[in-house]
Number of protein chains: 2
Amino acid sequence: MTAPDEDEDAPRSGASTPPQRTPRGTLSREVLLDAAMEIVRIGGADAFSMRALGARLEVDPTAVYRHFRTKNELLDVLADILIAGDEPLPSTGDARADLRASLHQLRRSLLRHPTMAGVILRRPPGGRAYWERANHALGLLRGMGLSPEQATSAYQTLLFYSLGHVLSEARTLAAAVARDRRPSAPTATFNPPAHQLPDLAAAVPFLRADTAAQFDDGLDLIMGSLPG
Amino acid sequence: MTAPDEDEDAPRSGASTPPQRTPRGTLSREVLLDAAMEIVRIGGADAFSMRALGARLEVDPTAVYRHFRTKNELLDVLADILIAGDEPLPSTGDARADLRASLHQLRRSLLRHPTMAGVILRRPPGGRAYWERANHALGLLRGMGLSPEQATSAYQTLLFYSLGHVLSEARTLAAAVARDRRPSAPTATFNPPAHQLPDLAAAVPFLRADTAAQFDDGLDLIMGSLPG
DNA sequence: ACCTGAACACCGTTCAAGT
DNA sequence: ACCTGAACACCGTTCAAGT
């Protein structure tokens with residue numbers, strides 16, 4: 001009924017890498033966000049806590065509250081950094097291609113921290129980068145000849161598809177990461193119970209290993225209906 | 001930069017409703033799942049913990065471990081119950097309509113516990129209902145004349161779009177729920193910073209209040225490319 | 001001004017012990 | 001066979017106190 005259950009609960013190991021010294025008064029939003037991202041990179045989303053953050057910076061955990069009102073507020077800023085990514089929004093002049101590229105950017109950036117993607121996507125959007133991406137994409141859709149109303153609908157469809165795809169990839173990746181942390185757990189590859197589900201069985205060979213190409217296929221399908 | 005931040009952290013109130021008596025030896029998976037669902041219904045996903053579950057059933061929290069190996073395992077079973085929903089899979093003979101109806105079912109069922117949707121969608125899929133839905137939808141797509149390969153691609157696109165849409169609705173709803181639990185927090189309606197983002201500003205009037213219709217628009221767009 | 005430390009009210013999970 | 005209770009190793013957050 002349930003999957004073999006390789007639990008994400010794994011060891012809650014505090015990140016045990018060389019902590020960077022933090023002379024008095026050096027704490028800042030930037031330093032905190034960098035350290036938070038490091039903790040996530042090393043130990044995954046489960047390893048991140050206000051206490052782990054304090055420990056990493058050799059500072060009392062509660063010192064963080066000078067700079068972020070809550071853990072969730074910090075998480076939201078982290079989210080927006082991931083949504084922004086490190087590449088500029090594409091603008092080659094080919095609206096179709098740019099739109100596609102922007103969504104691929106978003107996917108790649110969120111999947112850079114797969115254990116974090118699920119955490120981040122659960123939070124309500126609100127960051128600057130999120131809205132800038134929306135504005136950019138809407139502009140491209142207008143450029144393809146869509147009305148504001150059509151552009152809005154198309155963008156939401158493309159965005160929700162992308163978020164769902166990323167979420168789906170991220171949760172599988174995150175589970176795999178958790179498995180590898182428990183070395184003895186079974187490999188339990190993605191293996192739907194096709195027994196007695198014939199149409200599912202027929203689909204299994206076409207589940208693509210290349211999930212980036214799979215993502216692109218879906219974009220194709222959705223963008224196929226768009227003018228321009 | 002970040003939204004006004006009405007935190008989901010709210011009071012971690014243990015569900016304080018009339019607990020049902022639990023004579024010795026009555027504990028079962030079913031009783032536990034019912035109680036868990038009740039806790040979620042009353043207090044949201046944050047209120048659910050192994051300790052709250054024990055308290056509700058007037059049982060030591062650790063007694064739950066006789067029936068579920070971990071909290072995550074229980075969560076996965078809960079997830080599959082929500083994914084199954086309480087309606088049978090539609091089969092009117094109109095494949096297009098049935099496919100659409102099935103995805104609407106999934107959306108409605110997940111949104112019945114919006115605070116739970118995000119939690120559930122973060123977990124890797126693996127329940128029976130999840131795969132039965134896939135099998136059913138793939139069969140409908142085959143019936144519309146799609147090849148196994150086309151059906152697989154189309155189903156994944158539709159599913160990921162649906163999950164993304166539900167996630168997006170759920171996180172907004174969950175934030176609203178959390179706001180209402182802190183009666184003094186500002187209302188902070190969904191309000192993108194359209195200032196200096198002209199294309200976003202042009203889209204705002206077309207963000208539909210009726211999110212079920214919005215969901216359907218996206219299904220239209222995607223299914224518009226499909227044969228049959 | 002900025003950080004510390006103790007404290008509060010919680011977690012999930014394990015395991016020896018009881019009935 | 002089934003449940004309890006103590007214990008372990010954690011949480012986020014508040015607030016008075018220190019420097």
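The values are calculated or read from the model by the stated rules, or taken from the named source; none is laboratory data. Predicted model only: the values in this text are computed from it and were never measured. In this analysis, Cβ positions are derived from the backbone assuming ideal geometry, glycine residues included, and neighbour counts consider all displayed protein chains. In case anyone asks, the SASA skips ligands and DNA or RNA and just uses the protein heavy atoms, side chains included. Shrake-Rupley method; radii C 1.70, N 1.55, O 1.52, S 1.80 Å.
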Note on residue A:153: of the conditions (1) in a helix (DSSP H, G or I); (2) open to solvent by 20 Å² or more (accessible area, probe 1.4 Å); (3) more than 7 Å from chain B (Cβ to nearest Cβ), unmet is (3)
Residue satisfying all of: in segment B:66-89; assigned to a loop (DSSP other than H, G, I, E, B) and more than 28 Å from residue B:101 (Cα to Cα); nearest to DNA strand D (Cβ to nearest atom) among these: B:67
Based on what the data block shows, is residue A:109 outside the structural domain of residue A:47 (by the TED database) and open to solvent by less than 40 Å² (accessible area, probe 1.4 Å)? yes
Please enumerate the residues belonging to segment B:203-218 that are out of contact with any Ser or Thr (no Cβ under 8 Å at 6 or more places or on another chain) and either open to solvent by less than 50 Å² (accessible area, probe 1.4 Å) or in a helix (DSSP H, G or I) (or both). B:204, B:205, B:211, B:212, B:213, B:216
So how many residues does segment B:66-98 have that are open to solvent by 30 Å² or more (accessible area, probe 1.4 Å), β-branched (Val, Ile, Thr) and without any contact (Cβ under 8 Å) to a residue 40 or more places away in the chain? 1
Residue hits (segment A:48-65; surrounded by fewer than 19 Cβ atoms within 10 Å (Cβ to Cβ) and more than 9 Å from DNA strand D (Cβ to nearest atom)) are A:58
Of the residues in segment A:125-146 that are open to solvent by less than 40 Å² (accessible area, probe 1.4 Å) and not in a helix (DSSP H, G or I), the one that is nearest to the other protein chains (Cβ to nearest Cβ) is A:126
Say whether the condition of being more than 15 Å from DNA strand C (Cβ to nearest atom), of a type outside the set (A, V, I, L, M, F, W, C) and open to solvent by 20 Å² or more (accessible area, probe 1.4 Å) is met by at least one residue in segment A:24-32. no
